[in-house]
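Beneath this line is the structure, given in structure tokens, with notes to follow.
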Amino acid sequence: MNQLVLAVAAFVGTHFLLSHPLRAPLVAKLGEKGFSGLYSVIALATFYWVYVAFSGAPTGDYFWTPGESLWGVASLLMLVASILFAGSFVGNPAMPTPNAKADAAKPVHGVFHLTRHPMMWAFALWAIAHALVAPYAASFVLTGGMFLLAVGGSAGQDAKKAKLMGDAWAQWSRNTAYWPRLGQLFSVGALPLVAGTALWLVAQGLHLLQ
């Protein structure tokens, strides 16, 4: 368990450090490509550490017994998460692309009707869903770390993008929401709904094979 706590802390901590206070000085020294390479290596290494530590952590007692209704709630949360994740790759100004300002100037579209941080909230919903159906200590360490990274990362991304993009991000922020507006789910369009549902079905099938 101690290894898992350290691994999750390293994964979450290095993401925050490399995405915010250390990004600018490292980019200045290594360049964008060098920084991206370093970021990827550290992310993969710490993620592997999390995987190994979680695999070896004791399951222990469950804090509650997940019934069919709770599994249903978790499954619905994962469907929404899959839709958000699938749609997050289409015209997302939060992505580090040269088209970010142009994307922010477009009318709100797709999953951005729900939130301007669809990928982050997909991970947050994944964390909540898995905590509900796997309510033991090691699971809470893992899912709690992922939730913190997703929600805190969204706030940090707002601050970073406001500095980098100025008025373009300010306008995008006014037109979109930080917290997901789930009532707008069926305003996202066909592509995220179809792609997200397909992703959810694949994940469901993989879980059944385990």
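The values are calculated or read from the model by the stated rules, or taken from the named source; none is laboratory data. Keep in mind it's a predicted model, so treat the numbers as computed, not measured. Cβ sites come from the backbone with ideal geometry, for glycine too, and all protein chains shown count toward neighbours. When the accessible area is computed, the model is the full protein with side chains, heavy atoms only, and any ligands, DNA or RNA have been set aside. Shrake-Rupley method; radii C 1.70, N 1.55, O 1.52, S 1.80 Å.
Pick from Ala74, Ala81: which is more than 20 Å from Gly153 (Cα to Cα) and open to solvent by less than 60 Å² (accessible area, probe 1.4 Å)? Of Ala74, Ala81, the one residue that is more than 20 Å from Gly153 (Cα to Cα) and open to solvent by less than 60 Å² (accessible area, probe 1.4 Å) is Ala74.
The residues of the stretch 43-64 that are open to solvent by less than 100 Å² (accessible area, probe 1.4 Å) and of a type in the set (Ser, Thr, Tyr), listed by number, are Thr46, Ser55, Thr59.
Scanning the stretch 17-36 for residues that are open to solvent by less than 70 Å² (accessible area, probe 1.4 Å) and not in a helix (DSSP H, G or I) yields one hit, His20.
Restricting Phe85, Phe47 to residues that are assigned to a helix (DSSP H, G or I) and more than 28 Å from Phe186 (Cβ to Cβ) narrows the list to Phe47. Whether a residue is of a type in the set (A, V, I, L, M, F, W, C), open to solvent by less than 70 Å² (accessible area, probe 1.4 Å) and out of contact with any strand residue (DSSP E or B) (no Cβ under 7 Å at 6 or more places or on another chain) was assessed, and Val8 passes this test. Regarding Ser40, is this residue assigned to a helix (DSSP H, G or I), of a type in the set (S, T, N, Q), open to solvent by 50 Å² or more (accessible area, probe 1.4 Å) and within 30 Å of Val188 (Cα to Cα)? Against the criterion (assigned to a helix (DSSP H, G or I), of a type in the set (S, T, N, Q), open to solvent by 50 Å² or more (accessible area, probe 1.4 Å) and within 30 Å of Val188 (Cα to Cα)), Ser40 does not qualify. Each residue in the stretch 177-193 was checked for being open to solvent by 100 Å² or more (accessible area, probe 1.4 Å), closer than 18 Å to Asn92 by Cβ and either β-branched (Val, Ile, Thr) or more than 18 Å from the chain's Cα centre (by Cα) (or both), and 1 of them qualify. If you go through the stretch 66-82 and keep only what is touching a residue at least 60 places away in the same chain (Cβ under 8 Å) and not in a helix (DSSP H, G or I), you end up with just Pro66. Scan the stretch 97-114 and tell me whether some residue there is assigned to a loop (DSSP other than H, G, I, E, B), within 24 Å of Thr143 (Cα to Cα) and open to solvent by less than 90 Å² (accessible area, probe 1.4 Å). Yes, the stretch 97-114 has at least one match.
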